[in-house]
Amino acid sequence: MDLDQLVQTLERLALDAEAALAAAHDAAALEAARVQFAGARSGQLKTLQKEVGTLPADSKRAGYVKFNEVKDRIQAALDAAAARVESGADAAIPAGLDPTLPGVRRRLGHVHPITQTIEHLKQIMARLGFEVVEGPEVEDTWHNFVALNIPEDHPARDPLDNFFLACAGKLADDKGAAARTPAIDPTAPDARLMRSQTSTVQIRVMEKSAPPVRIISLGRVYRPDPPDQTHFPMFHQMEGLWIDRSVTMAQLKSVLRMFATNYLGADVSIRFRPSFFPFTEPSVEADFSWKGKWIEFGGAGMVDPNVLRAVGYDPEEVTGFAFGLGVERLCMGRHRIEDIRDLFRNDVRFLEQF
Ligand code: FA5
(Lines give C-alpha, C1' and ligand atoms only; values in the text may rest on other atoms or scores of the structure.)
Protein backbone atom coordinates (compact mmCIF):
# COMPACT_ATOMS: atom_id res chain seq x y z
CA MET A 1 0.00 0.00 0.00
CA ASP A 2 1.50 3.39 -0.93
CA LEU A 3 0.96 6.61 1.08
CA ASP A 4 -2.11 7.78 -0.90
CA GLN A 5 -3.91 4.44 -0.55
CA LEU A 6 -3.11 4.32 3.16
CA VAL A 7 -4.42 7.85 3.77
CA GLN A 8 -7.69 6.96 1.98
CA THR A 9 -8.05 3.70 3.92
CA LEU A 10 -7.44 5.50 7.23
CA GLU A 11 -10.03 8.17 6.34
CA ARG A 12 -12.65 5.51 5.47
CA LEU A 13 -11.89 3.74 8.75
CA ALA A 14 -12.46 6.97 10.70
CA LEU A 15 -15.83 7.56 8.99
CA ASP A 16 -16.96 3.93 9.54
CA ALA A 17 -15.95 4.06 13.20
CA GLU A 18 -17.72 7.39 13.80
CA ALA A 19 -20.96 6.09 12.20
CA ALA A 20 -20.86 2.80 14.11
CA LEU A 21 -20.20 4.53 17.43
CA ALA A 22 -23.01 7.08 16.86
CA ALA A 23 -25.41 4.16 16.35
CA ALA A 24 -24.21 2.23 19.44
CA HIS A 25 -26.97 2.66 22.04
CA ASP A 26 -25.95 0.15 24.70
CA ALA A 27 -22.79 -1.12 26.39
CA ALA A 28 -22.62 -4.31 24.29
CA ALA A 29 -22.77 -2.42 20.96
CA LEU A 30 -20.19 0.05 22.22
CA GLU A 31 -17.75 -2.70 23.24
CA ALA A 32 -18.19 -4.51 19.91
CA ALA A 33 -17.37 -1.28 18.01
CA ARG A 34 -14.36 -0.60 20.25
CA VAL A 35 -12.94 -4.08 19.62
CA GLN A 36 -13.59 -3.84 15.85
CA PHE A 37 -11.96 -0.43 15.33
CA ALA A 38 -9.58 0.17 18.25
CA GLY A 39 -8.91 -3.31 19.69
CA ALA A 40 -5.32 -3.58 20.92
CA ARG A 41 -4.65 -6.92 19.19
CA SER A 42 -6.67 -7.24 16.02
CA GLY A 43 -8.54 -3.93 15.75
CA GLN A 44 -8.56 -2.32 12.28
CA LEU A 45 -6.56 0.66 13.58
CA LYS A 46 -3.81 -1.68 14.83
CA THR A 47 -3.64 -3.41 11.44
CA LEU A 48 -3.24 -0.07 9.64
CA GLN A 49 -0.57 1.04 12.15
CA LYS A 50 1.51 -1.92 10.97
CA GLU A 51 0.96 -0.79 7.35
CA VAL A 52 2.35 2.69 8.19
CA GLY A 53 5.50 0.96 9.44
CA THR A 54 6.02 -0.60 5.99
CA LEU A 55 5.91 2.76 4.09
CA PRO A 56 9.14 4.02 2.43
CA ALA A 57 11.21 6.25 4.77
CA ASP A 58 10.23 9.51 2.98
CA SER A 59 6.45 8.81 3.40
CA LYS A 60 6.49 7.44 6.93
CA ARG A 61 6.15 10.80 8.69
CA ALA A 62 3.06 11.81 6.63
CA GLY A 63 1.61 8.33 7.25
CA TYR A 64 1.95 8.67 11.02
CA VAL A 65 0.45 12.17 10.98
CA LYS A 66 -2.72 10.80 9.29
CA PHE A 67 -2.71 7.70 11.52
CA ASN A 68 -2.58 9.83 14.71
CA GLU A 69 -5.37 12.10 13.44
CA VAL A 70 -7.63 9.06 12.77
CA LYS A 71 -6.67 7.49 16.09
CA ASP A 72 -7.70 10.71 17.91
CA ARG A 73 -11.01 10.90 16.01
CA ILE A 74 -11.89 7.31 16.87
CA GLN A 75 -10.97 7.90 20.52
CA ALA A 76 -13.16 11.04 20.62
CA ALA A 77 -16.09 9.11 19.09
CA LEU A 78 -15.57 6.31 21.63
CA ASP A 79 -15.55 8.78 24.55
CA ALA A 80 -18.73 10.51 23.29
CA ALA A 81 -20.54 7.19 22.79
CA ALA A 82 -19.43 5.93 26.24
CA ALA A 83 -20.71 9.13 27.92
CA ARG A 84 -24.05 8.87 26.09
CA VAL A 85 -24.58 5.19 26.97
CA GLU A 86 -23.58 5.80 30.59
CA SER A 87 -26.01 8.75 30.98
CA GLY A 88 -28.90 6.55 29.82
CA ALA A 89 -29.97 9.25 27.32
CA ASP A 90 -30.55 6.58 24.67
CA ALA A 91 -32.41 4.13 26.89
CA ALA A 92 -35.81 4.94 25.35
CA ILE A 93 -34.69 4.53 21.72
CA PRO A 94 -36.06 1.24 20.40
CA ALA A 95 -33.77 -1.16 18.56
CA GLY A 96 -33.67 -0.49 14.83
CA LEU A 97 -34.60 3.20 15.13
CA ASP A 98 -31.97 5.57 13.78
CA PRO A 99 -32.46 8.88 15.64
CA THR A 100 -30.05 10.63 13.28
CA LEU A 101 -32.59 10.40 10.39
CA PRO A 102 -34.89 13.39 9.77
CA GLY A 103 -38.25 13.10 11.58
CA VAL A 104 -41.49 12.00 9.93
CA ARG A 105 -44.83 13.66 10.96
CA ARG A 106 -47.38 10.88 11.14
CA ARG A 107 -51.02 11.87 10.57
CA LEU A 108 -53.10 9.51 12.66
CA GLY A 109 -56.65 9.09 11.41
CA HIS A 110 -59.45 9.87 13.86
CA VAL A 111 -63.20 10.05 14.13
CA HIS A 112 -64.99 12.84 12.21
CA PRO A 113 -66.54 15.55 14.48
CA ILE A 114 -70.06 14.68 13.26
CA THR A 115 -69.57 11.00 14.10
CA GLN A 116 -68.14 12.03 17.49
CA THR A 117 -71.23 14.20 18.07
CA ILE A 118 -73.60 11.37 17.07
CA GLU A 119 -71.90 8.99 19.54
CA HIS A 120 -72.04 11.65 22.27
CA LEU A 121 -75.78 12.31 21.66
CA LYS A 122 -76.54 8.57 21.74
CA GLN A 123 -74.78 8.24 25.12
CA ILE A 124 -76.73 11.15 26.62
CA MET A 125 -80.09 9.89 25.34
CA ALA A 126 -79.33 6.33 26.49
CA ARG A 127 -78.91 7.72 30.02
CA LEU A 128 -82.39 9.28 29.64
CA GLY A 129 -83.81 5.87 28.67
CA PHE A 130 -84.08 6.23 24.85
CA GLU A 131 -83.33 3.24 22.62
CA VAL A 132 -81.48 3.80 19.31
CA VAL A 133 -83.23 2.67 16.09
CA GLU A 134 -82.39 3.05 12.39
CA GLY A 135 -84.45 3.92 9.32
CA PRO A 136 -83.86 4.00 5.54
CA GLU A 137 -82.57 7.11 3.74
CA VAL A 138 -84.60 6.38 0.58
CA GLU A 139 -88.23 6.80 1.57
CA ASP A 140 -91.74 6.70 0.14
CA THR A 141 -94.24 9.56 0.35
CA TRP A 142 -96.30 7.68 2.95
CA HIS A 143 -93.54 7.72 5.59
CA ASN A 144 -92.06 11.12 4.63
CA PHE A 145 -95.39 13.01 4.29
CA VAL A 146 -98.77 11.27 4.32
CA ALA A 147 -98.56 9.46 7.66
CA LEU A 148 -96.98 12.59 9.15
CA ASN A 149 -100.19 14.53 8.40
CA ILE A 150 -98.51 16.61 5.67
CA PRO A 151 -101.25 17.26 3.09
CA GLU A 152 -100.66 17.05 -0.65
CA ASP A 153 -100.72 20.84 -1.11
CA HIS A 154 -98.26 21.53 1.72
CA PRO A 155 -95.15 23.48 0.57
CA ALA A 156 -92.90 20.86 2.23
CA ARG A 157 -94.00 18.41 -0.52
CA ASP A 158 -92.98 20.72 -3.38
CA PRO A 159 -90.68 18.78 -5.78
CA LEU A 160 -88.32 21.77 -5.70
CA ASP A 161 -87.90 21.34 -1.93
CA ASN A 162 -87.12 17.62 -2.07
CA PHE A 163 -84.83 15.15 -3.83
CA PHE A 164 -87.36 12.90 -5.59
CA LEU A 165 -85.96 9.83 -7.36
CA ALA A 166 -86.95 8.56 -10.79
CA CYS A 167 -88.86 5.34 -10.16
CA ALA A 168 -87.64 2.21 -12.01
CA GLY A 169 -91.19 1.18 -12.99
CA LYS A 170 -91.83 4.55 -14.66
CA LEU A 171 -88.56 4.38 -16.60
CA ALA A 172 -89.48 0.99 -18.08
CA ASP A 173 -92.86 2.29 -19.26
CA ASP A 174 -91.51 5.51 -20.81
CA LYS A 175 -90.37 5.68 -24.44
CA GLY A 176 -87.64 7.66 -26.29
CA ALA A 177 -86.77 11.09 -24.90
CA ALA A 178 -89.19 10.61 -22.04
CA ALA A 179 -87.12 7.61 -20.89
CA ARG A 180 -84.05 9.83 -20.58
CA THR A 181 -85.91 12.54 -18.64
CA PRO A 182 -88.65 10.63 -16.85
CA ALA A 183 -91.47 12.66 -15.37
CA ILE A 184 -91.63 12.48 -11.57
CA ASP A 185 -95.06 12.48 -10.02
CA PRO A 186 -94.53 13.38 -6.34
CA THR A 187 -98.15 12.53 -5.55
CA ALA A 188 -97.83 8.94 -6.81
CA PRO A 189 -98.11 6.50 -3.90
CA ASP A 190 -94.94 4.73 -5.04
CA ALA A 191 -92.92 7.97 -5.50
CA ARG A 192 -89.53 7.70 -3.83
CA LEU A 193 -87.35 10.45 -2.38
CA MET A 194 -84.28 10.93 -0.21
CA ARG A 195 -85.85 11.49 3.22
CA SER A 196 -86.09 15.17 4.11
CA GLN A 197 -86.40 14.53 7.87
CA THR A 198 -85.82 11.70 10.34
CA SER A 199 -89.49 11.97 11.43
CA THR A 200 -90.04 9.11 8.93
CA VAL A 201 -88.55 6.78 11.56
CA GLN A 202 -91.33 7.71 14.04
CA ILE A 203 -93.84 6.22 11.62
CA ARG A 204 -91.78 3.09 10.88
CA VAL A 205 -91.32 2.36 14.59
CA MET A 206 -94.99 2.93 15.55
CA GLU A 207 -96.19 0.82 12.59
CA LYS A 208 -94.18 -2.11 13.93
CA SER A 209 -94.48 -1.83 17.71
CA ALA A 210 -97.23 -1.29 20.22
CA PRO A 211 -96.86 1.51 22.79
CA PRO A 212 -95.00 2.37 24.97
CA VAL A 213 -92.25 3.60 22.64
CA ARG A 214 -89.19 5.60 23.65
CA ILE A 215 -86.66 5.86 20.82
CA ILE A 216 -84.14 8.09 19.13
CA SER A 217 -82.89 7.78 15.55
CA LEU A 218 -79.86 9.56 14.12
CA GLY A 219 -79.00 9.81 10.44
CA ARG A 220 -78.64 11.75 7.23
CA VAL A 221 -81.42 13.79 5.65
CA TYR A 222 -81.48 15.61 2.31
CA ARG A 223 -82.94 18.95 1.20
CA PRO A 224 -82.11 21.13 -1.81
CA ASP A 225 -81.10 24.00 0.50
CA PRO A 226 -78.34 26.15 -1.04
CA PRO A 227 -75.23 25.80 1.15
CA ASP A 228 -74.52 28.76 3.41
CA GLN A 229 -73.05 29.26 6.90
CA THR A 230 -75.81 27.28 8.64
CA HIS A 231 -77.37 25.17 5.84
CA PHE A 232 -76.15 22.21 3.83
CA PRO A 233 -78.10 20.01 1.36
CA MET A 234 -77.14 16.87 3.30
CA PHE A 235 -77.13 17.07 7.07
CA HIS A 236 -77.96 14.92 10.11
CA GLN A 237 -80.89 14.94 12.50
CA MET A 238 -81.62 13.24 15.78
CA GLU A 239 -85.27 12.26 16.03
CA GLY A 240 -86.82 11.47 19.39
CA LEU A 241 -90.21 9.91 20.15
CA TRP A 242 -91.86 9.00 23.44
CA ILE A 243 -95.36 7.51 23.42
CA ASP A 244 -97.11 6.20 26.52
CA ARG A 245 -100.39 6.45 28.44
CA SER A 246 -99.97 10.09 29.41
CA VAL A 247 -96.85 11.82 28.17
CA THR A 248 -96.99 15.59 28.64
CA MET A 249 -95.53 18.77 27.17
CA ALA A 250 -93.84 19.38 30.55
CA GLN A 251 -91.94 16.10 30.09
CA LEU A 252 -90.90 17.14 26.57
CA LYS A 253 -89.46 20.39 27.92
CA SER A 254 -87.69 18.59 30.79
CA VAL A 255 -86.13 16.02 28.44
CA LEU A 256 -84.86 18.72 26.05
CA ARG A 257 -83.56 20.77 28.98
CA MET A 258 -81.78 17.75 30.48
CA PHE A 259 -80.38 16.89 27.06
CA ALA A 260 -79.02 20.44 26.55
CA THR A 261 -77.39 20.63 30.00
CA ASN A 262 -75.86 17.18 29.55
CA TYR A 263 -74.48 18.14 26.13
CA LEU A 264 -73.25 21.66 26.96
CA GLY A 265 -73.12 21.96 30.74
CA ALA A 266 -75.16 23.59 33.51
CA ASP A 267 -74.56 27.11 32.16
CA VAL A 268 -76.78 26.56 29.08
CA SER A 269 -80.14 28.37 28.77
CA ILE A 270 -82.93 26.92 26.68
CA ARG A 271 -86.01 28.66 25.27
CA PHE A 272 -89.07 27.41 23.39
CA ARG A 273 -90.79 29.46 20.69
CA PRO A 274 -94.29 28.61 19.40
CA SER A 275 -94.08 27.03 15.97
CA PHE A 276 -96.00 24.81 13.55
CA PHE A 277 -95.36 21.29 12.26
CA PRO A 278 -98.22 19.28 10.67
CA PHE A 279 -97.27 16.24 12.77
CA THR A 280 -97.24 17.90 16.21
CA GLU A 281 -99.78 20.03 18.07
CA PRO A 282 -98.80 22.15 19.89
CA SER A 283 -95.38 22.65 18.27
CA VAL A 284 -92.29 24.52 19.43
CA GLU A 285 -88.92 25.47 18.11
CA ALA A 286 -86.11 25.06 20.67
CA ASP A 287 -83.04 27.31 20.97
CA PHE A 288 -80.17 27.16 23.41
CA SER A 289 -77.95 29.95 24.52
CA TRP A 290 -74.40 29.07 25.38
CA LYS A 291 -71.46 31.42 25.89
CA GLY A 292 -73.57 34.41 24.86
CA LYS A 293 -75.10 33.07 21.62
CA TRP A 294 -78.60 31.74 20.80
CA ILE A 295 -78.63 28.72 18.46
CA GLU A 296 -81.74 27.06 17.00
CA PHE A 297 -81.29 23.35 17.44
CA GLY A 298 -84.59 21.81 16.45
CA GLY A 299 -88.34 21.44 16.38
CA ALA A 300 -90.57 19.52 18.76
CA GLY A 301 -94.14 19.08 19.96
CA MET A 302 -96.92 16.76 21.08
CA VAL A 303 -97.61 14.06 18.46
CA ASP A 304 -100.72 15.03 16.47
CA PRO A 305 -103.70 12.62 16.95
CA ASN A 306 -103.87 12.20 13.15
CA VAL A 307 -100.34 10.71 13.20
CA LEU A 308 -101.29 8.32 16.01
CA ARG A 309 -104.36 7.22 14.02
CA ALA A 310 -102.30 6.74 10.81
CA VAL A 311 -100.18 4.07 12.56
CA GLY A 312 -103.14 2.39 14.27
CA TYR A 313 -102.70 3.90 17.75
CA ASP A 314 -105.73 5.22 19.66
CA PRO A 315 -105.23 8.91 20.59
CA GLU A 316 -107.76 8.42 23.41
CA GLU A 317 -105.42 5.79 24.92
CA VAL A 318 -101.93 7.22 24.35
CA THR A 319 -100.17 10.54 23.97
CA GLY A 320 -96.60 11.38 23.13
CA PHE A 321 -93.99 13.90 22.17
CA ALA A 322 -91.48 14.04 19.34
CA PHE A 323 -88.47 16.18 18.52
CA GLY A 324 -86.04 16.56 15.61
CA LEU A 325 -82.69 18.23 16.26
CA GLY A 326 -79.97 19.34 13.81
CA VAL A 327 -76.79 17.41 14.64
CA GLU A 328 -74.50 19.84 12.76
CA ARG A 329 -76.01 22.81 14.63
CA LEU A 330 -75.38 21.04 17.97
CA CYS A 331 -71.81 20.19 16.99
CA MET A 332 -71.22 23.78 15.79
CA GLY A 333 -72.61 25.23 19.03
CA ARG A 334 -70.43 23.06 21.24
CA HIS A 335 -67.21 23.51 19.25
CA ARG A 336 -67.91 27.15 18.24
CA ILE A 337 -67.73 26.28 14.54
CA GLU A 338 -68.81 29.31 12.52
CA ASP A 339 -69.52 27.68 9.14
CA ILE A 340 -71.30 24.34 8.59
CA ARG A 341 -69.41 23.91 5.29
CA ASP A 342 -66.16 23.41 7.24
CA LEU A 343 -67.59 20.08 8.42
CA PHE A 344 -67.80 18.80 4.83
CA ARG A 345 -64.67 20.23 3.17
CA ASN A 346 -62.49 17.36 4.41
CA ASP A 347 -59.63 19.72 5.16
CA VAL A 348 -57.45 17.76 7.58
CA ARG A 349 -56.10 20.99 9.11
CA PHE A 350 -59.68 21.68 10.29
CA LEU A 351 -60.65 18.09 11.12
CA GLU A 352 -57.57 17.21 13.17
CA GLN A 353 -58.55 19.85 15.77
CA PHE A 354 -61.36 17.63 17.08
C1 FA5 B 1 -87.91 19.21 11.08
O2 FA5 B 1 -87.17 18.65 10.26
C3 FA5 B 1 -88.90 18.41 11.89
N4 FA5 B 1 -89.00 17.09 11.38
C5 FA5 B 1 -88.48 18.42 13.37
C6 FA5 B 1 -89.52 17.89 14.28
C7 FA5 B 1 -89.49 16.54 14.62
C8 FA5 B 1 -90.53 18.73 14.76
C9 FA5 B 1 -90.46 16.03 15.48
C10 FA5 B 1 -91.52 18.21 15.61
C11 FA5 B 1 -91.46 16.89 15.98
P12 FA5 B 1 -86.85 21.56 10.75
O13 FA5 B 1 -87.08 21.63 9.28
O14 FA5 B 1 -87.02 22.82 11.49
O15 FA5 B 1 -87.83 20.50 11.44
O16 FA5 B 1 -85.38 20.99 11.01
C17 FA5 B 1 -84.94 20.65 12.31
C18 FA5 B 1 -83.53 21.14 12.52
O19 FA5 B 1 -82.67 20.64 11.50
C20 FA5 B 1 -83.36 22.66 12.43
O21 FA5 B 1 -83.69 23.27 13.65
C22 FA5 B 1 -81.90 22.79 12.15
O23 FA5 B 1 -81.15 22.61 13.34
C24 FA5 B 1 -81.63 21.60 11.26
N25 FA5 B 1 -81.62 21.94 9.83
C26 FA5 B 1 -82.68 22.20 9.02
N27 FA5 B 1 -82.28 22.44 7.76
C28 FA5 B 1 -80.93 22.33 7.75
C29 FA5 B 1 -79.92 22.43 6.75
N30 FA5 B 1 -80.19 22.65 5.46
N31 FA5 B 1 -78.61 22.26 7.12
C32 FA5 B 1 -78.31 21.99 8.40
N33 FA5 B 1 -79.22 21.85 9.40
C34 FA5 B 1 -80.50 22.02 9.08
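The values are calculated or read from the model by the stated rules, or taken from the named source; none is laboratory data. Please read all numbers here as calculations on a predicted model, not as lab measurements. Don't worry about glycine lacking a Cβ; one is built from the backbone with ideal geometry, like all the others, and counts go over all protein chains shown. Accessible surface areas use protein heavy atoms only, side chains included; no ligands, DNA or RNA. Shrake-Rupley method; radii C 1.70, N 1.55, O 1.52, S 1.80 Å.
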Between residue 127 and residue 345, 0.36 nm times their residue separation minus their Cα-Cα distance comes to what?
75.2 nm
Using +1 on the beta carbon of Lys and Arg, -1 on that of Asp and Glu, and nothing else charged, what's the dipole of region 3-87 about the Cα centre, debye to 20?
300 debye
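Taking the mean number of other Cβ atoms within 10 Å as a proxy for protection, how do you rank 135-146, 256-267 from highest to lowest?
Highest mean packing first, the order is 135-146, 256-267.
Can you work out the FRET efficiency for the pair residue 267 and residue 28, with r the C-beta to C-beta distance and R0 = 56 Å, to the nearest 0.05? The partial results should precede the final answer.
Details: r = 60 Å, r/R0 = 1.07.
With R0 = 56 Å, the Cβ-Cβ based efficiency is 0.40.
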At a threshold of 8 angstrom on Cα-Cα distance, excluding pairs fewer than six apart, so keeping six or more, what relative contact order does the chain reach in percent?
14 percent
Can you show me the helix-derived [θ] at 222 nm for the chain, built from DSSP H runs with n ≥ 4 at -39,500 (n - 2.57) apiece and divided by the number of residues, rounded to the nearest 500.
-13000 deg cm²/dmol
Angle, helix 3-22 long axis vs. longest principal axis of the chain, Cα atoms, 0 to 90°, nearest 10?
40 degrees
Which of 235, 110, 42 sits closest to the plus end of the dipole of the chain, meaning its Cα is farthest towards the positive end, when Lys and Arg get +1 and Asp and Glu get -1 on the C-beta?
42
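Could you give the length gained by full extension between residue 165 and residue 65, i.e. 0.36 nm per residue of separation minus their alpha carbon distance, to one decimal place?
Roughly 27.2 nm would be gained on extension.
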If every Lys and Arg gets +1 and every Asp and Glu gets -1 at its Cβ, then about the Cα centre region 191-338 yields a dipole, in debye to the nearest 20, of 380 debye
Given 0.36 nm per residue, what is the gain on full extension from residue 83 to residue 228 after removing their alpha carbon distance, in nm?
46.0 nm
Sparse-neighbourhood loop hits (trypsin sites (Lys or Arg not before Pro), region 51-109; DSSP loop; Cβ within 10 Å at most 14 others) -> 105, 106, 107
For the chain, build the charge dipole from Cβ charges (+1 Lys, Arg; -1 Asp, Glu) around the Cα centre, then report which of 155, 201, 331 sits farthest towards its positive end.
331
What dipole magnitude, in Debye to the nearest 20, does the chain give about its Cα centre under +1 on Lys/Arg Cβ and -1 on Asp/Glu Cβ?
980 debye
Leaving ligands, DNA and RNA out of it, work out the accessible area of residue 185 with a 1.4 Å probe and give it in Å² to the nearest 10.
60 Å²
Rounded tilt (10° steps) of 199-208 against the dominant C-alpha axis of the chain:
70 degrees
Using only Cα atoms, find the angle between the long axis of helix 27-38 and the longest principal axis of the chain, and express it within 0 to 90 degrees, rounded to the nearest 10.
40 degrees
For region 3-87, with the dipole built from +1 on Lys and Arg beta-carbon atoms and -1 on Asp and Glu ones, taken about the Cα centre, which of 32, 13, 63 lies farthest toward the positive end?
63
